[in-house]
Amino acid sequence: MKVIVVNGSPRKTWNTAELLKKAAEGAASEGAETKIIHLHDLNFKGCSSCFACKRKNSKWVGHCAMKDDLTGVLEEILTSDVLLIGSPIYLWDVTGETRSFFERLVFMNLSYEKSHRSDFAGKISTGFIYTMNVTEDVMDACGYRYVFEAQQKFLAEILNGTSEYLVAADTYQFDDYSKYNASKFDEKHKARVKAEQFPLLAQKAFEMGARLTTIAKKQ
């Protein structure tokens, strides 16, 4: 089993990356080979609307014709069994890198034909991990779940596999709150959430990685 882990956070050792690492460990516990890719290290852009993937008799159907650091990543994903994606929420959505990655991945496989939804012939199980500073109450009031569920639906329909997501809200953002202008946040509360809740989320991430790998084995 081959599992690709895509980190959409600029950080490699904080909340999103830590949960993705746990998800990868869960996949590995089921015998999967895992590989992590940090989008912030790559030089790429979002979809250029060239429509090469929609042209009749084109070799690019189901593939992205753009040539940059993401090209090989997308091709590698197409040969994987499980895709795990993680992103913090910045200004009501995933990071810019994650959004551009998502555009390229989904659109190259999105069919414009009436007869079928996707040009992808395989099956890839997917899991998305979202981390954010706001509480779950604020998250729900702002309609974030619409974004999460829409992306879950796209991944399931375009990659033809099981898709799920995990949310980590009210996260601990800094190593020392006294160094930042952040008086609206209670550091003691944040520290308590990190100590009490984050380990539980890490376990859920581990279980998600293991579960999706097990599902992919049966597909």
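Some observations on this one:
- Net charge contributed by nearby residues that have their C-beta within less than 11 Å of Met139 (K/R +1, D/E -1): -3
- Coarse-grained scattering of the range 136-185 at q = 0.23 Å⁻¹, given as base-10 log I(q)/I(0) from a Debye sum over alpha-carbon atoms: -0.88
- Seen from a random direction on average, the alpha-carbon convex hull of the chain projects onto 12.8 square nanometres.
- Extending 7 Å from the Cα toward the beta-carbon at both Arg99 and Arg145 defines two label points whose distance is 2.3 nm.
- The range 167-219 and the range 41-99 have Cα centres separated by 26 Å.
- The alpha carbons of the range 173-219 stretch over 50, 18, 15 Å along the principal axes, in descending order.
- Remark on the range 125-209: hydrodynamic radius 14.4 angstrom, per the Kirkwood mean of 1/r across alpha carbon pairs.
- Relative contact order of the chain: 28 percent, from C-alpha pairs under 8 Å at least 6 residues apart in sequence.
- Pairs from the list Lys21/Lys123; Lys123/Lys153; Lys35/Lys190 with a Cα-Cα gap above 19 Å: Lys21/Lys123; Lys35/Lys190.
- Table column - 3J(HN,Hα) (Hz), the range 125-141, Karplus curve with 6.51, -1.76, 1.60, x for Gly and Pro: 6, 10, x, 10, 10, 10, 10, 7, 6, 6, 6, 5, 4, 5, 4, 5, 5
- When you count the other C-beta atoms within 10 angstrom of each residue and take the mean per peptide, 173-182, 131-140, 109-118 line up highest first as 131-140, 109-118, 173-182.
- Note on Lys179: aspartates and glutamates with a C-alpha under 14 Å away, same-chain residues under 8 apart excluded, are Glu187.
- Derived scalar couplings ³J(HN,Hα) [the range 207-219; Karplus, 6.51 cos²θ - 1.76 cosθ + 1.60; whole Hz; x for Gly, Pro]: 5, 5, x, 5, 5, 5, 5, 5, 4, 5, 4, 8, 7
A short reminder: the numbers here are calculations on the coordinates, not readings from a lab. Just so you know, these numbers come straight off a predicted model, no measurement behind them. Cβ: placed from backbone, ideal geometry, glycine included. Neighbour counts: every protein chain shown.
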